[in-house]
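Here's the structure we're looking at; comments come further down.
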Amino acid sequence: MGSGPLARSVLVRLGIAGIVGLSLAGQPAVAFAQAATGKEAGSAGKRWEEEFSLWQKVSAGSDVAQYEGYLKQYPNGTFASMARLRIAELQAAAKAKPATGASDEAEADAKAKAEEAAAAEKAKAEEQAAAEKAKAEEEARKTAEAEKAKADAEAARVKAEEEARKVAEAEKAKAEAEAARLKAEEDAQKAAEAEKAKAEAARLKAEADAKKAEEAAAARKLAEEKAAAEEKARAEAAAAEKARAEEAARLKAEAEEKEAAARKLAEAQAAEAERLKAEAAAAAEKARAEEAARLKAEAERQKAEEAAAAEKARAEEEAAARREAEARRVEAEKAAAAEKARIEEEAAAARKLAEEKAAEVERLKAEAAKAAADAEAKAAEAARLAEEAEKRAEEAAAAERAAQANDTAARENEAQDADTKNRGLAVERADDAAKREEETFQKAVLDGSEKAFRAYLDAYPDGRFVADARERLAALADTARQAAKPKQESETATAETERKAEQPVVDRREAYMDRSTRVQAQRWLSMLGFNTYGVDGVFGSRTRAAIAAWQGASGYRADGYLSRQQYRALRQAAQYAEARQNRQRRYQQDYDVLEGPVDGYYERYHRDDGYYNGGGGVVIIPGY
C-alpha cells in the first residue's frame, strides 16, 4: 500500500522525463518517416494538420481510449511516444486510487508538478509542432515551385520542338514545290519539241508523197526505179526521225534521272535533318536526364539555374541545326538552278543537231533523186543491150531449128524407134545444156566476182542470162571505178551521190556485221531472188532495196536494215533453198520431176494459162 504513492511519484518523474526525452528523440524520426513516405508536400501538410488537431483533442482529456484511438490511427505519428507515456501514466494513476490520505498531499504536489511539467511539455510540443508545420509548408511551397518550373521547362521544350517541326515541314514543302515546278517546265519543253518533230515529219512525208505522185506518171520501169529511190529516202527519213526520237527519249531519260536524283537528294537532306534533329533531341534528353540526376543532390535554387542553362544550350543547338539546314537548302537551290541551266543548254544543242540532220536528209534526198535519174539512164541502156541479146538469141534459135529440120529430113527413112531415140537424146542434151547454163550462172551470182561472170559469158555468149551477166559486170566495174577514184572536190554530183550510196551505212542494228558478213548476206539475197546487183560487201541503194523486199516478203518491217534475228532468218531461208536445189533430180526421160518451188525453175514448164509447156513436165510441190 505504501509503495503506491512512491511508485506513482517515480512513474510521474519517469513519465515527465520520458515524455520530454522521447518527444525530443521521436519527433525528428517521425518527421523523417513522414517526409520519406510522402509523395507531395501539400498532402503531407494536410496530414500534419489532421494529426495535430486530433492530438490537441486527445491531450485535453484523460481518456485512455482516446489515446489508444490516436495510436491506432497514427502508430508512427509525431505524438505517438507521448500518447504511450500518457496511457501508462493514466493506467498507473487508476491503480493507485485506494492509497491513504497521508499520501494525498504528496500526490497532490507530485500531480501539480507533473501537470506543470506536462503543461510545459505541451507548450514545447505545440511550439515544435508549429515549427514542424511551418517547415512542412515551406517544403511544400518549394516542391510546388520546382514542379511548376519543371512544367514550364517541359512546355518550352515541346513548343521549341513543334516550331522546329513546322520549320522542317515548310522547308520540305518548299523543296517539293520547286521540284514540281522544274518538272512542269521540263514537260512543257519536251511537249514543244515533240510537236516540232511531228510537224517536221509531216512536212517531210508530204514532200515525199508529192514527189511520188509526180513520178507515178512515168513509165512502169522508171516508176519502179524511182519507187526504190523514194523507199530509200523514206527509210533514211525514218532513220533520221527515229534518231531524233531516240535523242529526245535520251534527253527525257536524262532529265528524269536528274529529277529523281534531285528528289533523292532532297529526301536525303530531309532524312539528314530528321537524323540531326533526333540526335539533338536525344542529346538534349540525355543532358536533361544527367542534369536531373545531378540536381537531386543539390539545392532547389541550383537545380532551377542549371535547368535554365541546359534549356538555353538546347535552344542554341537547335538554332545551329536550323542555320545548317538553311545553308543546305540554299546550296540545293543553287545546284538545282545550275542543273536547269545545263539541261536547257543540252536541249538547245539537241534542237540544233536535229535541224542539221534534217538539212542533211534534204540534201541526201536531192542527191538520191539525181542518182535515180542516172540509174534510169543506165537501166535504159541495159534494156537496149538486153533487146539486142534477145534478138541474137532468137536468130540462134532459128538457126538451130533450121539445123534440126535438115537433120530430120535426112533421117526420114530411118526406123521409128531410132528416130524416137535420137529425138529423146536431143531433148536430153538440150535440157542438160540449159541446166548446166543455169547452174553456171547461179554459181557466178553466188560468187559475185567479175571473173565468174566473164567465165559465164565466154562459155555461153548467147545464153539466156547474158543481159543479166553484162549488167552485173557493169555494176562491178562502176564499183571498182568508184573505189579507185580519189575523193576530190571536182567530182560531179552524180558520182559523189553514187560514192556515198556505196559506202557502208553505220547503224547500231548492223554494228555486228563485218565485210565478210555483208558479202554473205548479198549472196543469200541474190540466191533467193532478191537481186543486189553485185556482191562486194557494201550495202548501197540496190542492196537496201533487196533487203527491204525480202523483209516485206518475210513479214518483217521493210526498213532495209538487217538485225541479228533477221540475218539468222535469211541464212536459214538460203540454206533451205540451196538444199531444195540440190534435191532436184531427173526421174524419167520424157517426164521431169522437180521438188520445188525454186524461183525461176518452172518458167519453161508452164504457159501463162497454167498448163504445162509441152515436153511432159511434172512439178511436185511439197505441202500441196
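The values are calculated or read from the model by the stated rules, or taken from the named source; none is laboratory data. Predicted model only: the values in this text are computed from it and were never measured. Neighbour counts are summed over all protein chains in view; Cβ atoms, including those assigned to glycine, are modelled from backbone coordinates with ideal geometry. Just the protein is used for accessible areas: all its heavy atoms, side chains included, with ligands, DNA and RNA removed. Shrake-Rupley method; radii C 1.70, N 1.55, O 1.52, S 1.80 Å.
So for region 336-352 (the condition being closer than 29 Å to Arg165 by Cβ, open to solvent by 40 Å² or more (accessible area, probe 1.4 Å) and either among the small types (Gly, Ala, Ser) or more than 25 Å from the chain's Cα centre (by Cα) (or both)), does at least one residue qualify? Yes, region 336-352 contains a residue that is closer than 29 Å to Arg165 by Cβ, open to solvent by 40 Å² or more (accessible area, probe 1.4 Å) and either among the small types (Gly, Ala, Ser) or more than 25 Å from the chain's Cα centre (by Cα) (or both). Assess whether Gln551 counts as being at pLDDT 90 or above, of a type outside the set (Asp, Glu), closer than 18 Å to Ala235 by Cβ and not in a loop (DSSP other than H, G, I, E, B). Yes. Each residue in region 302-325 was checked for being open to solvent by 60 Å² or more (accessible area, probe 1.4 Å), in contact with a helix residue (DSSP H, G or I) (Cβ under 8 Å, 6 or more places away or on another chain) and under 18 Å from Ala278 (Cα atoms), and 3 of them qualify.
Considering only region 543-560, how many residues are open to solvent by less than 30 Å² (accessible area, probe 1.4 Å) and farther than 18 Å from Arg523 by Cβ? Outline the logic, then answer.
Going through region 543-560, the residues open to solvent by less than 30 Å² (accessible area, probe 1.4 Å) turn out to be 543-544, 546-548, 550-551, 559-560.
Adding the requirement that they be farther than 18 Å from Arg523 by Cβ leaves 559.
The number of residues fulfilling the criteria is 1.
Considering every residue within region 360-371, establish whether at least one is farther than 30 Å from Lys242 by Cβ, basic (Lys, Arg) and either open to solvent by less than 60 Å² (accessible area, probe 1.4 Å) or part of a helix (DSSP H, G or I) (or both). For region 360-371, residues farther than 30 Å from Lys242 by Cβ, basic (Lys, Arg) and either open to solvent by less than 60 Å² (accessible area, probe 1.4 Å) or part of a helix (DSSP H, G or I) (or both): absent. Does at least one position in region 302-309 carry a residue that is assigned to a helix (DSSP H, G or I) and closer than 22 Å to Glu267 by Cα? Checked against the condition, which is being assigned to a helix (DSSP H, G or I) and closer than 22 Å to Glu267 by Cα, region 302-309 yields no hits at all.
Regarding Ala108, is this residue modelled with pLDDT under 75, open to solvent by less than 60 Å² (accessible area, probe 1.4 Å) and not in a helix (DSSP H, G or I)? Can you show your working first?
Values: modelled with pLDDT under 75: yes; open to solvent by less than 60 Å² (accessible area, probe 1.4 Å): yes; not in a helix (DSSP H, G or I): no.
Judged against the criteria, Ala108 is not a match.
Taken together, the residues in region 430-458 that are open to solvent by less than 60 Å² (accessible area, probe 1.4 Å) and not aromatic (Phe, Trp, Tyr) amount to 17. Helices (runs of 4 or more DSSP H) fully within region 400-507 that include at least 2 residues being at pLDDT below 70 and in contact with a His (Cβ under 6 Å, 6 or more places away or on another chain): none found.
Listed conditions (1) closer than 30 Å to Ala153 by Cα; (2) surrounded by 12 or more Cβ atoms within 10 Å (Cβ to Cβ); (3) at pLDDT below 85 are all met by Arg288, apart from (3).
A quick yes/no check of all residues on (1) part of a helix (DSSP H, G or I); (2) over 30 Å from Lys150 (Cβ atoms); (3) of a type in the set (Gly, Ala, Ser):
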| residue | (1), (2), (3) |
| --- | --- |
| Lys221 | yes, yes, no |
| Ala240 | yes, yes, yes |
| Ala248 | yes, yes, yes |
| Ala253 | yes, yes, yes |
| Glu259 | yes, yes, no |
| Lys264 | yes, yes, no |
| Ala268 | yes, yes, yes |
| Ala282 | yes, no, yes |
| Ala293 | yes, no, yes |
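Counting only residues that are touching a residue at least 60 places away in the same chain (Cβ under 8 Å) and over 13 Å from Ala280 (Cα atoms), region 309-325 holds 1 of them.
To keep it simple, each residue is scored yes or no on (1) acidic (Asp, Glu); (2) under 25 Å from Gln551 (Cβ atoms); (3) open to solvent by 50 Å² or more (accessible area, probe 1.4 Å); (4) touching a residue at least 40 places away in the same chain (Cβ under 8 Å).
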residue: Glu214; (1), (2), (3), (4): yes, no, yes, no
residue: Ala217; (1), (2), (3), (4): no, no, yes, no
residue: Leu222; (1), (2), (3), (4): no, yes, yes, yes
residue: Ala233; (1), (2), (3), (4): no, yes, no, yes
residue: Ala237; (1), (2), (3), (4): no, yes, no, yes
residue: Ala240; (1), (2), (3), (4): no, yes, no, yes
residue: Lys258; (1), (2), (3), (4): no, no, no, yes
residue: Ala266; (1), (2), (3), (4): no, no, no, yes
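So if I check each of Glu127, Glu116, Glu176, which one is modelled with pLDDT of 85 or more and exposed (fewer than 14 other Cβ atoms within 10 Å of the Cβ)? Residue meeting the stated conditions: Glu176.
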